[in-house]
Amino acid sequence: PFTVELAKSGEIFEIPVDKSILEVLREAGKTLPSSCESGTCGTCKTRLVSGEPDHRDLALSEQEKARNIMICVSRAKSGALVLDL
Ligand code: FES
């Protein structure tokens with residue numbers, strides 16, 4: 001598990017091993033766009049403020065991976081991710 005912090009609201013969420021970031025945020029009532037939910041379409045692209053992402057998508061270029069994360073599939077390598085949400 002790891003945590004996700006939303007930079008704009010300051011809310012912090014624990015992401016369990018069996019749920020995606022997208023699922024956890026939706027369960028908390030957030031409205032977020034998605035389509036494929038398998039890391040290929042690019043719809044759920046979210047700006048990453050800080051943290052060590054574990055990119056599991058096929059949508060982002062190497063260059064984009066520094067500052068973005070696909071929240072339907074990707075996770076954190078450790079600790080916490082701060083998202084620009
Ligand atoms: Fe398609 Fe996340 S919803 S990449």
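Report, by residue number, each residue of the stretch 38-48 that is surrounded by fewer than 16 Cβ atoms within 10 Å (Cβ to Cβ) and more than 8 Å from the ligand (Cβ to nearest atom).
Within the stretch 38-48, just R47 meets the criteria.
Right, E52: in contact with a Gly (Cβ under 7 Å, 6 or more places away or on another chain), open to solvent by 50 Å² or more (accessible area, probe 1.4 Å) and away from the ligand (no atom under 14 Å from the Cβ) or not?
When the stated conditions are applied, E52 passes them.
Taking the condition within 14 Å of the ligand (Cβ to nearest atom), touching a strand residue (DSSP E or B) at 6+ places or on another chain (Cβ under 7 Å) and either over 14 Å from L6 (Cα atoms) or among the hydroxyl-bearing types (S, T, Y) (or both), does S74 pass?
Yes.
Within the stretch 38-60, can one find any residue that is without any contact (Cβ under 8 Å) to a residue 24 or more places away in the chain, in a loop (DSSP other than H, G, I, E, B) and of a type in the set (D, E, K, R)?
There is at least one residue in the stretch 38-60 that is without any contact (Cβ under 8 Å) to a residue 24 or more places away in the chain, in a loop (DSSP other than H, G, I, E, B) and of a type in the set (D, E, K, R).
With A7, A66 as the choices, which residue is under 16 Å from D84 (Cα atoms), more than 12 Å from the chain's Cα centre (by Cα) and surrounded by 14 or more Cβ atoms within 10 Å (Cβ to Cβ)?
A7
Which ones in the stretch 22-37 are within 12 Å of the ligand (Cβ to nearest atom), under 14 Å from the mean Cα position of the chain (by Cα) and part of a loop (DSSP other than H, G, I, E, B)?
L32, P33, S34, E37
How do the pairs read when you match residues in the stretch 1-24 that are over 18 Å from K45 (Cα atoms) with residues anywhere that are open to solvent by 40 Å² or more (accessible area, probe 1.4 Å) and of a type in the set (F, W, Y), using Cβ under 6 Å and keeping only pairs 6 or more apart or on different chains?
none
The values are calculated or read from the model by the stated rules, or taken from the named source; none is laboratory data. The structure displayed is predicted, hence computed values, not measured ones. A quick note on method: Cβ atoms are made from the backbone with ideal geometry, for glycine too, and the neighbour counts reach across all protein chains shown. Surface accessibility is based on the protein's heavy atoms, side chains included, excluding ligands, DNA and RNA. Shrake-Rupley method; radii C 1.70, N 1.55, O 1.52, S 1.80 Å.
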